[in-house]
1. Enumerate the residues in the stretch B:135-149 having an amide nitrogen under 15 Å from the point lying 7 Å beyond the Cα of A:Q87 toward its Cβ.
2. Can you pull the mean other chain C-beta count within 10 Å for peptide B:149-160?
3. Between A:S9 and B:Y70, what is the label-point separation in nm under the 7 Å Cα-to-beta-carbon projection?
4. Which distance in nm do the two modelled labels at B:A14 and B:K52 give, with both placed 7 Å along the Cα-to-Cβ direction?
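Only the coordinates and a few stated rules stand behind these numbers; no lab work does. The structure displayed is predicted, hence computed values, not measured ones. Cβ coordinates were reconstructed from backbone atoms using ideal geometry, including for glycine residues, and neighbour counts include every protein chain displayed.
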Amino acid sequence: MKSAKTLHSILSIIIYLILLVIAVGIIMLVLFLTGILDTSTIFNDITEYLKDPSLYVFMGLILIVYGIFVYGLCQLRAAAKGFISHQFYDINHLKNLSIAGKCFVLTGTFAWLFDGLSSIYFQSKFSLSMNDKTFMYLFIIAIGLFIMIIGQALNDARQLKEENELTI
Amino acid sequence: MKKLKIIIYILFGALLIGLLVNSIISISGLLFENDILNVGHFTEKDVPFYLKIIAILKLVTLLLFCVGIYYLIKILKMFTQGLYFSNSLEELFRQSGRYLILSGSLGFLLNLTPFIIQDFKYIMYLNFDSKSLYIALTIIGLFFYAFSRIINQGNFLKQENELTI
């Protein structure tokens, strides 16, 4: 299963990259707040909002969304691991798929919502998310729903397999 | 299942319409030099030839994406009919995966071109901000490609089951 192995590797890289980006973001925020780094040298627009609590509320919400997304990716990676080891109908891998689908739907919906709200609040001076592309959100929601359906189909197959083994 | 199917149809429809509008803006700007976005880039000189080629390749990316989505919609139709395991479903998953991988990787490479060429003047017309979308496309394409193998095994199991009965 070359494709499953590639999928597993790409997912691992993306998960670690997202975690790295989040960690760097948090470290930079701490450096700005403690005054070690001067915000005006990097972001001019954000300086006037640094004392506004809404900034941290939106940051917290978007961090939660990214957390859900990473969790979804981890679940998809676990399912890919199952594909590699040929455990196609293992109940745990089916659960992984279902959870991944739900996580993607949640991510797409809430990231879109928080991105829109933060843009309105901060008058589109800057965006807190990685990318505010509407297509990305639409695609993530659609694929999340699709993965949920796939999980359902695989569950049906698992029942067939059990029935098959019982008959034999 | 039916409700989910309708939601997925609407989402894919909105996605395709959005991408189509984006492409129309890109093509009219870069191929026909019609400055719809009023960025004022078409007054001095013609758009470079390589950017026209990039615009055409972006259109190819969109077409590949549309074919991938077309196969996905066909898969959804089969799922709602309860046809979870058949040879055609396996083929549909493989084709959909293949087209999404192609579209995702080509789109991602095209997104990198302004950084290689160091020309950011027409960036608004080329929508070079959608790298994450193309990465997601490649991942999902790979997932579907891998999944076609599982459908194959499921199909075999089903046939065995029917023969036993």
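1. Within reach of a label on A:Q87, which here means backbone N under 15 Å from a point 7 Å along Cα→Cβ, the stretch B:135-149 contributes nothing.
2. Counting other chains' Cβ atoms within 10 Å and averaging over B:149-160 gives 5.
3. It works out to 3.2 nm between the two label points.
4. Roughly 3.7 nm, to one decimal.
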